[in-house]
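Readers should treat all values here as calculations from the given coordinates under stated rules, not as data from a laboratory. The shown structure was predicted, so the numbers you read here are calculated from the model rather than taken from an experiment. So basically every Cβ, Gly included, is an ideal-geometry build from the backbone, and we count neighbours across all protein chains shown.
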Amino acid sequence: MNDLAQDKLKELSMRIDNTKRYYVIHTEKGREQTIDVNLTAKGYEIYCPLVLVDRRILARWRNKYVEPLFPCYLFLHMDEDGDWPGLKIFGEIIQILKGPEGYPEPIDDKIIELLKSHENENGVHEIGDWRYRAGDRVRLKKGAFAGYEAIISEVPEKRLTVVFKIMQREIKIPVTDRDIEPV
């Protein structure tokens, strides 16, 4: 066999090995990890990115736990001509996301690589609650004080508290991160 034929054969075998793509599965709420376990047991390759969240319980106590980064969605690594009807036996799967022609639409492998690259050593994403920190200078975008500059004073679980001065007085108001922008 000549070099050209060997190169073509090598290229063809690489293409055959790389026919698996990632597809998005829409699941019932809260069933992502159960489906992950069930499909993995049946030989399917599933990726369920997880995130560490911090929740307040009884207004005082905080707990950290892991939940899916994309609630109700999983990534299935499968051949284009795989057993799509076989997936329907799992009642918690609502649908496989499809393209305009009505066929399952693969997503770019680079998206999965990017997600995996941001995981910690335990395979979990650690995302801060807010992109703002106490002491950050911000501008109010909405409400009666739109345009005023303020300083973040508190970063609780749901709403930020900003402080700004009006007529030589400090005013504290609660805001969401959508109501402000960095200065």
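Describe numerically, in nm with one decimal, the distance between label points set 7 Å from Cα along Cα→Cβ at Glu149 and at Asn122.
4.1
Pop the C-beta distance of Lys172 and Arg137 into the FRET formula with R0 = 22 Å and round what comes out to the nearest 0.05. Walk me through the numbers on the way to the answer.
On the way: r = 15 Å, r/R0 = 0.70.
Efficiency, from the Cβ-Cβ distance: 0.90.
Using θ = phi - 60° and the Karplus form 6.51 cos²θ - 1.76 cosθ + 1.60, what ³J(HN,Hα) does each residue of the range 139-145 get, whole Hz, x for Gly and Pro?
10, 6, 9, 10, x, 5, 9
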